[in-house]
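Taking it in order: structure first as structure tokens, then the write-up.
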Amino acid sequence: MKINQTLFLQVASLDEEESKRQYKTRIADVSEENVAVELPIDEKTGRFKRLDVGDQISAHFVTGDGVKNFFETEVVGHRTDVVRLVILRRPDPETITRVQRRTFLRVPATLEIACRLGDHLQFLAVTEDVSGGGISIVCDGHIPIKANDSLHCWLLIHFRSGHIEHVPFKSEVIRIKPLETGKQLAMMRFLDIAGVEQQKIIRYCFERQFEMRK
């Protein structure tokens, strides 16, 4: 992170619409412990966002080579230096997740997911692993899914803050692997997912990786 770099923020909130909003700001100052940013602005409405001490923030910035760098932080104070600045806790470099254009961090995770095949068949499953580019799920072996099938899915994500998200997306089955338990493992890639929903999954992967490191 460096001065004048653009930073994109999402604020943890129990309000579903608010948690989806993305704000844009600029880094005004960087120290060993903190990052000072200008008041963030809603890209859609053009309105400034008030941030209070203790607000939990999911942030990312993009480097010149197009790599997105995701991290978690919180508001620790305010400062007036010609303009009013918001002070964020500077993340440990080891907790920053770098996501290249076509490469996503994949983490093992057991999350509930609801799936629909066609207009009628619906079933519940759990994830084996999750990434920003796709997921693997374990479901009952009698469910008639096969490679190239398209599924409409709703993934249930629990964040560290206690916030819960239902992330909808459309996926394509890449491969099916029968398991000794009588169940089957379906490896899938995202066919259609909104950018803000994909970011939630990437954010969860970051949190999960951080937990595993601890």
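For the reader, a short list of remarks on this structure follows.
- Being acidic (Asp, Glu), loosely packed, with under 10 Cβ neighbours inside 10 Å and over 13 Å from Arg90 (Cα atoms) is a description that does not apply to Asp42.
- The strands (runs of 3 or more DSSP E) located wholly in the stretch 98-159 that include 2 or more residues which are more than 13 Å from Gln198 (Cα to Cα) and without any contact (Cβ under 8 Å) to a residue 60 or more places away in the chain occupy 112-117, 121-131, 134-140, 150-158.
- Matching residues in the stretch 147-172 - criterion: being of a type in the set (Val, Ile, Thr) and open to solvent by less than 30 Å² (accessible area, probe 1.4 Å): Ile157, Val167
- Beta carbons closer than 9 Å, at least 6 apart along the sequence or on distinct chains, never pair a first residue in the stretch 7-34 that is at positive phi with a second that is open to solvent by less than 50 Å² (accessible area, probe 1.4 Å) and charged (D, E, K, R).
- Residue in the stretch 131-146 that is open to solvent by less than 10 Å² (accessible area, probe 1.4 Å) and within 30 Å of Pro40 (Cβ to Cβ) present: yes
- Checking every residue in the stretch 42-65 against the condition of being touching a residue at least 24 places away in the same chain (Cβ under 8 Å), among the charged types (D, E, K, R) and in a strand (DSSP E or B) gives zero matches.
- Among the conditions (1) assigned to a strand (DSSP E or B); (2) surrounded by 20 or more Cβ atoms within 10 Å (Cβ to Cβ); (3) modelled with pLDDT under 95; (4) of a type in the set (A, V, I, L, M, F, W, C), the only one that Ile202 does not satisfy is (1).
- Selection status of Arg208, within 26 Å of Asp55 (Cβ to Cβ), out of contact with any His (no Cβ under 7 Å at 6 or more places or on another chain) and open to solvent by 70 Å² or more (accessible area, probe 1.4 Å): no
- Among the residues here, His60 does not qualify as surrounded by fewer than 18 Cβ atoms within 10 Å (Cβ to Cβ) and out of contact with any Ser or Thr (no Cβ under 8 Å at 6 or more places or on another chain).
The values are calculated or read from the model by the stated rules, or taken from the named source; none is laboratory data. Model, not experiment: these values are computed from the prediction. Positions of Cβ are backbone-derived with ideal geometry, glycine not excepted, and every protein chain shown enters the neighbour counts. Remember, those area values only see protein heavy atoms, side chains included, never the ligands or the DNA or RNA. Shrake-Rupley method; radii C 1.70, N 1.55, O 1.52, S 1.80 Å.
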